[in-house]
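What follows is a single structure, written as structure tokens, with notes after it.
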């Protein structure tokens, strides 16, 4: 019974979170919502509050941007506390990713690396290949900053293998781009250029495939509509013919026979 009640509360919180996202509620409104929300449902609201301040990249003023980062860390930590209490692994991973983002921006690479590793661990446990790749790419970026190039290379190689095996060309291109950045950081611009060309080639192939698919869809739609139009016209013609009354042929007047003399 307790689990059912908790599930209902979490579903309610999810609906509130979705409504808040659609209405783009202000931080003050969200803080008021926290006052009337049960503890078991506060984590998504704290996450939404953190999202407001995670847009610090759009803030031009340096002091205000620092304030936004501090608030993002504060509210994400609050969300993390509640997600941890209720064993919400999806919420924990979102919180780890958010914390890693802020610490990376602040150039606090040890903290950023630790939180990306936590996110990566959850994704591996869940067998969530897409998020494993995402976290590996983030790890490689952190390791590039601390000049741990060999380990960054290892992360990207694993990410590339997973992307190829999982048939994820978009992520394959992303990994190739990061190989380009890594080689450039290693003062090997020739290999960097090759990796970036590979990324562009993959993206160009994706665009061509998409264009071919769209053309096929348009042709199918045109042919289908054309066939339906012809069928409809034929049906109308048959219906009109069937409803017409047959025209009776006029009888020719009989000539009277004249007796010959």
- Message: For the structure I just gave you, tell me whether residue 194 is part of a helix (DSSP H, G or I) and under 20 Å from the mean Cα position of the chain (by Cα).
- Response: no
- Residues being surrounded by fewer than 21 Cβ atoms within 10 Å (Cβ to Cβ) and part of a helix (DSSP H, G or I) - total across region 102-112: 5
- Item | Candidates 201, 190 - the one that is loosely packed, with under 10 Cβ neighbours inside 10 Å, under 30 Å from residue 147 (Cα atoms) and at pLDDT 90 or above | 190
- Note on the structure: Of those in region 20-77 that are within 16 Å of residue 106 (Cβ to Cβ) and outside any helix (DSSP H, G or I), the residue modelled with the lowest pLDDT is 59
- Query: residue 172 fails exactly one of the following numbered conditions: (1) surrounded by fewer than 19 Cβ atoms within 10 Å (Cβ to Cβ); (2) part of a helix (DSSP H, G or I); (3) under 25 Å from the mean Cα position of the chain (by Cα). What is the number of that condition?
  - Reply: (1)
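The values are calculated or read from the model by the stated rules, or taken from the named source; none is laboratory data. What you see is a predicted model, and the numbers here were worked out from it, not measured in a lab. Because the Cβ atoms are built from the backbone with ideal geometry, glycine has one as well, and the counts that use them run over all protein chains shown.
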